[in-house]
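Student: Here's a structure for you.
Nothing in this text is a laboratory measurement; each read-out follows from the coordinates by a stated rule. Nothing here was measured: the structure is a model prediction, and the numbers come from that model. Heads up, the Cβs are rebuilt from the backbone with ideal geometry, glycines too, and the neighbour counts pull from every protein chain shown.
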Amino acid sequence: MTTGGWISMFLSVGFVTILFLYCIIRVLRGPGGTKDHSLGHIEPVDEDETAQR
Amino acid sequence: MIAYFISLLVIGIPICWVEWTLGRHGGQNNYHSTSGILSFILGKPYAKYLGVIGFVVPVCIYMYYVYIEAWCLGYALNSISGNLSGTGVDYQAFFGSFTGAEADGVTLKVGLGKVGIFVLIVYVMNFYFIYRGISKGIETVCKFAMPALIFIALIILARVMTLGTPDPLKPDQNIIAGLGYLWNPGDIASGLRNPQLWLAAAGQIFFSLSVGFGVIITYASYLRSNDDVVLSGLTASAANEFCEVGLGGLITVPAAFMFLGAAGIVGQGTFGLGFNVLPEVFAHMPGGQIFASIFFLLLFLAAITSSLSMLQPGIAFLEEGLNIDRKQSVALLGFVTGIGTLFIWYFSKDLKALDTIDFWVGTVMLFVQATVLVIIFGWGLGIKKGWAIAHEGAEMRIPNIYKFIIKYITPSFLIIIFIMFLMQNVFGWNYSFSEAKFEPTGYVRDLLGDDDVEPSYVARLSVAWIISITIFSLFLVNLAGKNWAKRNQTTP
């Protein structure tokens, strides 16, 4: 593996890993992380109302 | 990788933001299908027809995707039972026999060595989960399958990275050389001048992010008005890139290089690498039977989350456009996709039906749909209004440069790439302006034939099937348009 290969790999894998972790942290720590994620606003949540989902 | 990341920044992430924004905006006004959303946003009678691809693409792709999903489940169970780990197994022959690539109709049988029973299992599983709805069905599956997927991938990555030199007789085939095979840059300057490199990079970004499928726009339509589509769109893209570059890029090719060498990898496509090369890699690997089982189970988990997402746009369209409930829409969609899957399942020789539908729907129509969405966002809705809608409830700001990129660069880039794609993959251009030559590719010769090749009746039937589905969808869109108009008249 050449020096260029190591640089290419670390930059690429590092960029996507940092971007992914940054996004996950923002999703979990932001106010959005405490929001109610139920889908009650668009579909019934009771088992016997499956046909209406 | 430079072309790949530029494509990610000017095509992948912007289209994600566009789809998330258009979807959420339509959903706030009670539209959940691409046709309904585009009809609402443009407010013109023709607009609903622009969204027909958003129904045709996921429905048609589902028909063959479920077949590939069945391969994954079948390979996982064959790995567990030891059928793939014995010595002297001809993996190419196993693949041909298992998938039915050797002859038409041979997989309509039940047994561990044929895909038939797995198609039925997978089909029933998909419709069971989709019938249970979004929160109880799709969300529940994804909530467990996605973290499991990343966890299993990390275990396999750790195993591959610690393999060292698996065969002392071949000291050149070690993990460092495998990584070098994948990551060593060639001549960067000449590479970036090569249009084929840009086509490959843009195509990889485009297809791996699933933009233009009609899936993201439908999912986003279920968000609340204060949900953050900017962060959600970026997170979805980042998660995909992490899995593709950070996990897939470090596992598949280096592992194949270590056991098969450079010559063994060359010429292998996605199916070849996944179902022919990797089982061989696992067979050479200590604990290979366990890792093969885990790997194909992982692929199956990934596939089922994707196939479920492909059904929801169809369900949403049938429910809202035809005013039918979930049970009826699931039954209708199950019937239509069932016929398509049966067609692909039967005409399995050389995977001709699958390959033909994948090319014309899963590739060509995707380009068209993504381009339509970007143009509607930048020019139909208007970049100023679109920008404001995208930032409703958003904590993260999209950099202002993206106003220019989404309006001008992304559509231009997409159109250029699409034209190049057609020139190469349909007309067979040799990429020369001075001595241009055109030799129609196999996809065209399959349909039209030429002096040397007879047309393929399976390819012709496949295209006829696509056309039938599209005409049927246009009829449904027309019907849905009348329902939407009626609904708008009665709603104050």
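Student: From the phi angles alone, apply the Karplus equation (6.51, -1.76, 1.60; θ = phi - 60°) to region B:25-33 and give each ³J(HN,Hα) in whole Hz, x where the residue is Gly or Pro.
Tutor: 5, x, x, 4, 10, 6, 10, 10, 10
Student: Can you give the local net charge around B:Ser208? Use residues other than it whose beta-carbon is closer than 9 angstrom to its beta-carbon, Lys and Arg +1, Asp and Glu -1.
Tutor: -2
Student: Another question about this same structure. Shape call for region B:152-205 from the C-alpha gyration tensor, a ≥ b ≥ c root eigenvalues: rounded (a/c under 1.5), prolate (a/b greater than b/c) or oblate?
Tutor: Judged from the Cα gyration tensor, region B:152-205 comes out oblate (a/c at least 1.5, b/c at or above a/b).
Student: Here's another thing I want to ask about it. Distance between Cα centroids, region B:322-363 to region B:44-85: provide it in whole Å.
Tutor: Each part's Cα centre sits 8 Å from the other's.
Student: Something else about it: Going toward the positive end of the dipole of region B:422-492, with +1 on Lys and Arg Cβ and -1 on Asp and Glu Cβ, which of B:Leu474, B:Gly442, B:Ser456 do you reach last?
Tutor: B:Leu474
Student: Sticking with this structure for a sec: What is the extension gain from B:Asn483 to B:Ala464, computed as 0.36 nm multiplied by their sequence separation minus the C-alpha to C-alpha distance, in nm to one decimal?
Tutor: Additional length available on full extension: 4.0 nm.
Student: Another one. What Kirkwood Rh does region B:177-330 have if only Cα atoms enter the pairwise 1/r average? Answer in Å.
Tutor: 18.8 Å
Student: Something else now. Can you give me the Cα centroid spacing of region B:177-199 and region B:434-492 in angstrom?
Tutor: That distance is 35 Å.
Student: Using amide H atoms built 1.01 Å from N in the peptide plane, name the residues 5+ places from B:Trp429, or on other chains, whose amide H lies under 5 Å from its own.
Tutor: Sorted by chain and number, the residues that satisfy this are B:Gln424, B:Glu439.
Student: Quick check: from the Cα gyration tensor, does the protein assembly as shown come out rounded (a/c under 1.5), prolate or oblate?
Tutor: Cα axes put the protein assembly as shown in the rounded bin.
Student: Among the listed pairs B:Lys114/B:Lys170; B:Lys407/B:Lys482; B:Lys48/B:Lys403; B:Lys48/B:Lys407; B:Lys327/B:Lys482, which are separated by more than 24 Å between their Cα atoms?
Tutor: B:Lys114/B:Lys170; B:Lys407/B:Lys482; B:Lys48/B:Lys403
Student: Right, next: How much length, in nm to one decimal, is gained on full extension between B:Ile416 and B:Asn323, taken as 0.36 nm per residue of separation minus their Cα-Cα distance?
Tutor: 29.5 nm
Student: Can you figure out the FRET efficiency of A:Ile25 with B:Trp379, using R₀ = 35 Å and their beta-carbon distance, to the nearest 0.05?
Tutor: Rounded to the nearest 0.05, the efficiency is 0.50.
Student: Let me ask something else. How much FRET efficiency would the formula 1/(1 + (r/R0)^6) give for B:Lys109 and B:Phe438, where r is the Cβ-Cβ distance and R0 is 35 Å, rounded to 0.05?
Tutor: 0.25
Student: Answer with one residue from B:Pro171, B:Ala145, B:Ser190: the one whose Cα lies farthest towards the positive end of the charge dipole of region B:113-193, charges on Cβ with Lys, Arg +1 and Asp, Glu -1.
Tutor: So the residue we want is B:Ala145.
Student: I would also like to ask the following. As I understand it, the dipole of the protein assembly as shown uses +1 on the Cβ of Lys and Arg and -1 on the Cβ of Asp and Glu, about the Cα centre. Which of B:Val89, B:Val66, B:Phe257 lies farthest toward its positive end?
Tutor: In the protein assembly as shown, that residue is B:Val66.
Student: Turning to a different aspect of this structure: Using a ≥ b ≥ c from the Cα gyration tensor of region B:361-492 (square roots of the eigenvalues), is it rounded, prolate or oblate, where a/c under 1.5 gives rounded and otherwise the larger of a/b and b/c decides, a/b for prolate?
Tutor: It comes out oblate by the Cα gyration axes.
Student: Turning to a different aspect of this structure: Quick check: residue separation of B:Ile176 and B:Tyr457 times 0.36 nm, minus the Cα distance between them. What number comes out in nm?
Tutor: Full-extension gain reported as 96.4 nm.
Student: Can you give me the C-alpha center-to-center distance between region B:88-127 and region B:235-259, rounded to a whole angstrom?
Tutor: Taking the Cα centre of region B:235-259 as reference, the centre of region B:88-127 is 27 Å away.
Student: Right, something else. So if I place +1 on the C-beta of Lys and Arg and -1 on the C-beta of Asp and Glu, and nothing else carries charge, what would the dipole magnitude of region B:57-154 be about its Cα centre? I want it in debye, nearest 20.
Tutor: Dipole magnitude for region B:57-154 comes out near 360 debye.
Student: To continue, here is another question. Determine, for B:Lys143, B:Lys349, the number of other Cβ atoms within 10 Å of each Cβ, and report the residues in order from fewest to most.
Tutor: Starting with the residue having the fewest Cβ neighbours, the order is B:Lys143, B:Lys349.
Student: Under 14 Å from the Cβ of B:Gly113, count the other residues' Cβ atoms, weight Lys and Arg +1, Asp and Glu -1, and hand me the total.
Tutor: Residues near B:Gly113 contribute 0 overall.
Student: Could I ask something else about it? So if R0 is 51 Å, what FRET efficiency would B:Phe207 and B:Leu169 give, r being the distance between their Cβ atoms, rounded to the nearest 0.05?
Tutor: 0.85
Student: Just rank B:Ser434, B:Ser306, fewest to most, by other beta-carbon atoms within 10 angstrom.
Tutor: Ascending Cβ contact count within 10 Å gives the list B:Ser434, B:Ser306.
Student: Add +1 for every Lys or Arg and -1 for every Asp or Glu among the other residues with Cβ under 14 Å from the Cβ of B:Phe427, and state the total.
Tutor: Net charge around B:Phe427: 0.
Student: Within a 10 angstrom radius of each residue's Cβ in B:233-242, how many Cβ atoms of other chains show up on average? Whole number is fine.
Tutor: Counting other chains' Cβ atoms within 10 Å and averaging over B:233-242 gives 5.
Student: With +1 assigned to the C-beta of every Lys and Arg and -1 to the C-beta of every Asp and Glu, and no other charges, what is the dipole magnitude of region B:124-277 about the Cα centre in debye, to the nearest 20?
Tutor: 340 debye
Student: With labels modelled as points extended 7 Å from the Cα through the Cβ direction, what inter-label distance (nm, one decimal) is found for B:Ile290 paired with B:Phe144?
Tutor: 2.2 nm
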